[in-house]
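Here, each number is a calculation from the coordinates, and none is a lab measurement. Here the structure is a predicted model, which means the values were calculated and not measured. In this analysis, Cβ positions are derived from the backbone assuming ideal geometry, glycine residues included, and neighbour counts consider all displayed protein chains.
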Amino acid sequence: MSAPPAGNQLFRRKPVAEMVEETGAGADGAAATGAGDRGGRALARRMGVGQLMGLGIGATIGTGIFFVMTTAVPEAGPAVIVSFVLAAVTAGFTALCYAELASTIPVAGSSYSYAYATLGELVAYVVGWCLVLEYAVSSAAVSVGWSEYLNELLDDTVGLRIPDTLSFAPGAGGVVNLPAIVLVTLCALLLVRGASESARANAVMVVLKIAVLLFFAAVALSAFDAGNLSPFAPLGAAGIGVAASSIFFSFIGLDAVSTAGEEVRDPRRTLPRAIIGSLVVVTTVYLLVAVAAVGAQAAGAFEGQEAGLAVILEDVTGSRWPAIVLAAGAVISIFSVTLVTMYGQTRILFAMSRDGLIPSLFARVDPRTLTPVRGTVAVALFVGLLAGFVPLDFLIDLTSMGTLVAFLVVSVGVMVLRSTRPDLPRGFRVPAYPAVPLLSIAFCLYLLSGLPGVTWLLFAGWLTVAAVVYVTYSRTHSRLREPR
């Protein structure tokens with residue numbers, strides 16, 4: 001039988017029942033703990049609410065707080081606190097939308113899979129590429145920040161620093177960021193061992209990072225000076241919006257939770273609880289640390305400050321040991337962020353590969369570890385190149401772009417699926433519908449408008465590459481071209 005016309009294929013949706021059936025799950029979303037007999041293309045459901053919340057918190061806390069203050073405070077001043085609130089409100093509206101779609105479509109792929117079920121192949125394909133960008137660039141950005149804190153820790157403990165030529169990208173005064181590449185390699189090795197093993201390691205690191213950040217807040221608040229909050233918003237509302245746009249990448253953990261849809265027990269209940277729980281914990285810690293930081297140090301001192309939170313502790317206490325504790329905690333906790341964001345990217349590629357939109361190697365699961373080993377290696381190579389050779393500022397804004405586009409599509413998807421498939425079982429429903437998804441869309445568009453022009457140009461270039469791949473490969477390999 002001939003393939004459907006290209007125009008029909010672009011907007012053809014993938015049935016939700018088929019998505020769930022591919023995972024080996026029943027109609028209620030439950031599944032056996034094994035991988036099932038899916039030709040090496042099914043993941044194992046082994047994680048519960050605690051491990052899943054650990055993934056969300058692990059992917060989020062550390063991405064922003066440990067080093068984004070040095071770029072966000074110069075943009076917004078002490079009003080960076082409001083920027084975090086604005087980003088958190090946007091993430092909150094979107095989290096509710098994620099919770100509904102995750103409980104309705106409990107599969108790998110996050111917003112890519114949700115878009116395929118609601119908006120069709122073209123939108124899903126674009127969202128998939130946005131997610132690949134989001135996770136790859138976020139992993140690289142966090143690895144670069146890890147390198148800074150590692151240098152701070154080595155300097156404070158043994159009086160040594162890795163030479164700038166080996167700890168900075170070419171555009172930032174070095175040749176290659178070698179520590180960042182080492183971190184990516186270590187995360188890849190752990191991910192290859194298995195998802196549940198990675199989740200347990202991440203859970204330990206999450207506890208450590210929260211303890212370290214609470215320690216920072218307690219010490220910094222002891223030196224709180226209200227004078228540091230004036231002028232509160234030197235660049236006005238525009239500065240607050242720009243800062244909120246650049247720090248929004250620190251809420252990527254919400255998406256990371258939903259990428260684990262096929263590796264969670266009882267996903268229709270577990271996913272919504274983990275998504276909302278992660279957001280509450282993350283927002284609380286972020287605001288506490290942000291208030292403590294801007295209260296303890298003048299806004300003008302943040303710009304260009306390397307390993308900023310550790311420096312604040314050293315200045316406040318006049319002693320090096322608190323800074324050592326903070327730097328050590330950052331080295332450990334930022335490791336967990338890289339681990340989870342790389343995990344998320346491999347699962348996005350897994351879902352796209354299973355649908356035929358990218359080569360099949362990304363969907364092949366190792367029979368022993370039940371993980372996509374080849375896909376993980378490919379991700380590590382790509383992320384390692386970005387981390388080693390691209391400066392941090394470009395990476396942060398590109399991550400925000402990919403994240404906001406994905407969040408925007410999820411909010412639209414909730415409304416479309418409510419209209420087209422009101423009969424589907426939902427473990428969670430967005431409250432105050434349709435106000436919440438509409439507000440989520442509006443906030444995402446507002447934050448997108450605050451991103452710089454160069455980020456839009458780089459994003460356009462990325463989508464151009466995506467279009468070439470679709471025309472030359474995906475269009476003819478998509479599984480939706482063949483009648484079921």
I'd like the Karplus ³J(HN,Hα) series for region 227-240: coefficients 6.51, -1.76, 1.60, θ = phi - 60°, whole numbers in Hz, and an x wherever there's a Gly or Pro. x, 5, 8, 10, x, 6, 10, x, 9, x, 4, 4, x, 4
If you plug each phi of region 264-269 into the Karplus form 6.51 cos²θ - 1.76 cosθ + 1.60 with θ = phi - 60°, what whole-Hz ³J(HN,Hα) values come out, in order, with x for Gly and Pro? 10, 6, 6, x, 5, 9
Along the charge dipole of region 46-481, Cβ charges K/R +1 and D/E -1, which of S139, S353, G304 sits furthest on the positive end? S353
With angles folded into 0 to 90 degrees, how steeply does helix 121-158 sit against the dominant principal axis of the chain? Use alpha carbons for both and round to 10. 30 degrees
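Counting only chymotrypsin sites (Phe, Trp or Tyr not before Pro) that sit in a DSSP loop (anything but H, G, I, E, B) with at most 16 other Cβ atoms within 10 Å, what is the longest stretch of the chain containing none of them? It would help to have the intermediate numbers written out before the result.
Numbers: sites that count: F11, F224, F232.
My reading of the result: 233-484 is the longest stretch.
Sorting S258, S278 on the 10 Å Cβ count, fewest up front, what's the list? Each step should come with its number before you reach the end.
Working: S258 34, S278 27.
Ascending number of Cβ neighbours within 10 Å: S278, S258.
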Whose amide H sits under 5 Å from the amide H of V264, counting only residues 5 or more places off or on another chain, with H placed in the peptide plane? R46, M47
Determine the dipole magnitude for region 46-481: charges of +1 sit on the beta-carbon of Lys and Arg, -1 on that of Asp and Glu, nothing else is charged, the reference point is the Cα centre, and the result goes in debye to the nearest 20. 1800 debye
Which is farthest toward the positive dipole end of the chain among V85, N202, G295, measuring Cα position about the Cα centre, with Cβ charges +1 (Lys, Arg) and -1 (Asp, Glu)? N202
Scan the chain and report its longest stretch carrying no GluC sites (Glu not before Pro) that are both in a DSSP loop and have at most 16 other Cβ atoms within 10 Å. 1-302
Can you sort K14, K209 by how many other beta carbons sit within 10 Å, fewest first? K14, K209
Helix 373-389 axis, angle to the chain major axis (alpha carbon atoms, nearest 10°): 40 degrees
Using alpha-carbon positions, the gyration tensor of region 387-484 gives root eigenvalues a ≥ b ≥ c; with a/c under 1.5 called rounded, otherwise prolate if a/b exceeds b/c, else oblate, the class is oblate
For the chain, the longest principal axis of the Cα atoms and the Cα long axis of helix 49-60 enclose an angle in degrees, to the nearest 10, of 60 degrees
I'd like to know how region 112-169 sits against the 2.2 N^0.38 Å rule of thumb: what's its Cα Rg over that expected value? 1.84
Could you work out the pair-distance distribution P(r) of region 287-439 from its alpha-carbon pairs, with 5 angstrom bin width and percents rounded to whole numbers? 1, 7, 10, 12, 13, 13, 13, 12, 9, 6, 3, 1, 0
